[in-house]
Amino acid sequence: MALVDRIGTSLERTPGGGIILTSVDALVDWSRGQSLWAMPMGTACCAMEFIAASFSKFDYDRLGTFPRPDPRHCDVMVLAGTITEKMKPAIQRLWDQMPEPKWAIAMGNCTVSGGIFYYDSYSVVRGADEFIPVDVYIAGCPPRPESLIDAVMQLRELVHEESIAPGKRRERNTKLPRSKAEANERMEAMRTPESDGPHAPAKVVNKEFPSDVIADEGGEV
Amino acid sequence: MSDHLEELRERISELDPTIYPLFSIEFGDAVIAVPLDDLLVTMHRLRELGFDRLGMVTAVDRPEFFVLVYRLHSRALSAGLFVKAKVHKEDPVAPSMFEVWPAADWQEREVFDLFGIDFEGHPDLKRIFLPDEFEGHPLRKDYDHPRVIRRPDYI
């Protein structure tokens, strides 16, 4: 890592080196983003969705992400499942064993905030970010495998912003929100009267039958 | 179902008349309620009668005392049985069943972990679910801990 650090710094100082730096960054980030090997930290039921995502139906091998049983092989830790106080030191240790650069995905409500164990629990850690720097959060109890694939795509956008020059981020036009406030703004913009509230009744759409036929149900059709 | 329990009652009265008076049927289950001092002797006797499997050990927190609950199974009698014993709250000590059924090892560690009942004669009595440095016994009704966030009342 030290050699790569020096190359980045010296390229930044050299006049005209910025062009080479951005090209090298593009190549390095592209190759890193294409093979984000995942450490499957499956501590509860979210691990089932993680397994489903990695097998043939969803098959996120095609994104270059597949589970490895050894933290020393991995780039991204997928925290799937409820984390208890007793499991916390083990996860911390596995995280420390992963080589830099490394990222973390918090999968499911339990690792985001404690989930349904937030209240009245004496043994559950309220969110993996209490002890691990999480990059991408996926909500859901459990999230669908598609969400996990989406998280990997979002993480790839993050990886593409890295630079080999220390302390530098690449300027890229990504769709990711830059802050919590921005994320909230987008949520508000997406909100419609129908989607107001989590328990709002779903709109029934029946494309096979015209609505007037359904209204006359029981009579002559 | 109740015929089966009556059969078990008769069978036990034939086999061991000292256990028979402790026998009762509660909510459709065969139950033996034993004083704590006689617990180990009774368990040895029940094992000799054919209850060769310890299915479960748990405890109940009552206002004045703890109740230790054991679930026994017998292949020979094809029957199940609950054994209950009261444990004092001030001095929660009970005899370990490890010498009768080795399966009691982890079960009793669980009861110790969550209820704080000490088992005398247990080979390795330490916490099983919670970290070793955890304070208190969370399934006790009077358990309170600063880490616990109580659910607010919405209604």
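The values are calculated or read from the model by the stated rules, or taken from the named source; none is laboratory data. Treat the numbers as computed from the prediction; the structure is a model and nothing was measured. No Cβ is skipped: glycine too gets one built from the backbone with ideal geometry, and neighbour counts run over all protein chains shown. Calculation scope for accessible area: heavy atoms of the full protein, side chains included, ligands and nucleic acids excluded. Shrake-Rupley method; radii C 1.70, N 1.55, O 1.52, S 1.80 Å.
Inspect all residues belonging to region A:76-83 and state whether any of them is within 14 Å of chain B (Cβ to nearest Cβ) and not aliphatic (A, V, I, L, M). Checked against the condition, which is being within 14 Å of chain B (Cβ to nearest Cβ) and not aliphatic (A, V, I, L, M), region A:76-83 yields at least one hit. Is it true that some residue in region B:143-155 is away from every other protein chain (no Cβ under 14 Å), within 14 Å of the chain's Cα centre (by Cα), farther than 30 Å from B:Arg9 by Cβ and among the aliphatic types (A, V, I, L, M)? No; the residues of region B:143-155 include none that is away from every other protein chain (no Cβ under 14 Å), within 14 Å of the chain's Cα centre (by Cα), farther than 30 Å from B:Arg9 by Cβ and among the aliphatic types (A, V, I, L, M). Screening the candidates A:Arg6, A:Arg62, A:Arg93 for the property of being of a type in the set (D, E, K, R) and within 27 Å of A:Ala165 (Cα to Cα) yields one hit, A:Arg6. A single entry from A:Gly115, A:Gly108 fulfils the requirement of being more than 30 Å from A:His160 (Cα to Cα), small (Gly, Ala, Ser) and open to solvent by less than 40 Å² (accessible area, probe 1.4 Å): A:Gly115. Answer yes or no: is there a residue in region B:43-60 that is surrounded by fewer than 19 Cβ atoms within 10 Å (Cβ to Cβ) and within 14 Å of chain A (Cβ to nearest Cβ). No, region B:43-60 has no match at all. Flag set for B:Val87, criterion: aliphatic (A, V, I, L, M), in a strand (DSSP E or B), over 30 Å from A:Val125 (Cα atoms) and open to solvent by less than 80 Å² (accessible area, probe 1.4 Å).
Taking the numbered list (1) out of contact with any Phe, Trp or Tyr (no Cβ under 6 Å at 6 or more places or on another chain); (2) open to solvent by 50 Å² or more (accessible area, probe 1.4 Å); (3) assigned to a loop (DSSP other than H, G, I, E, B) in turn, B:Glu110 passes all entries but (3). Do we find that B:Leu77 is within 14 Å of chain A (Cβ to nearest Cβ), in contact (Cβ under 8 Å) with a residue 12 or more places away in the chain and assigned to a loop (DSSP other than H, G, I, E, B) in this structure? For B:Leu77, the condition - within 14 Å of chain A (Cβ to nearest Cβ), in contact (Cβ under 8 Å) with a residue 12 or more places away in the chain and assigned to a loop (DSSP other than H, G, I, E, B) - is not met. Note on region A:146-181: among residues that are modelled with pLDDT under 85 and among the hydroxyl-bearing types (Ser, Thr, Tyr), the one that is most open to solvent (accessible area, probe 1.4 Å) is A:Ser179. Determine whether B:Glu133 is within 14 Å of chain A (Cβ to nearest Cβ), charged (D, E, K, R) and under 21 Å from B:Met43 (Cβ atoms). Here the answer is no, as B:Glu133 does not meet what is asked.
So that you can scan it fast, the table gives a plain yes or no per residue for (1) open to solvent by 20 Å² or more (accessible area, probe 1.4 Å); (2) not in a strand (DSSP E or B):
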residue	(1), (2)
B:Arg71	yes, no
B:Leu81	no, no
B:Val100	no, yes
B:Trp106	yes, yes
B:Leu125	yes, yes
B:Arg151	yes, yes
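For region B:41-63, the candidate set comprises residues that are among the basic types (Lys, Arg) and not in a strand (DSSP E or B); within that set, the residue that is modelled with the lowest pLDDT is B:Arg45.
Note on region A:16-47: residues that are open to solvent by 60 Å² or more (accessible area, probe 1.4 Å), within 16 Å of A:Met77 (Cα to Cα) and in contact with a strand residue (DSSP E or B) (Cβ under 9 Å, 6 or more places away or on another chain) total 2.
Residue pairs whose Cβ atoms lie under 7 Å apart, separated by 6 or more positions or on different chains, with the first residue in region B:1-19 and modelled with pLDDT of 70 or more and the second not hydrophobic (A, V, I, L, M, F, W, C), are B:Ile12/B:Tyr20; B:Ser13/B:Tyr20; B:Asp16/B:Arg45; B:Ile19/B:Thr42; B:Ile19/B:Arg45. Quick one: would you say A:Pro142 is assigned to a loop (DSSP other than H, G, I, E, B), touching a residue at least 40 places away in the same chain (Cβ under 8 Å) and open to solvent by 30 Å² or more (accessible area, probe 1.4 Å)? The answer is yes for A:Pro142.
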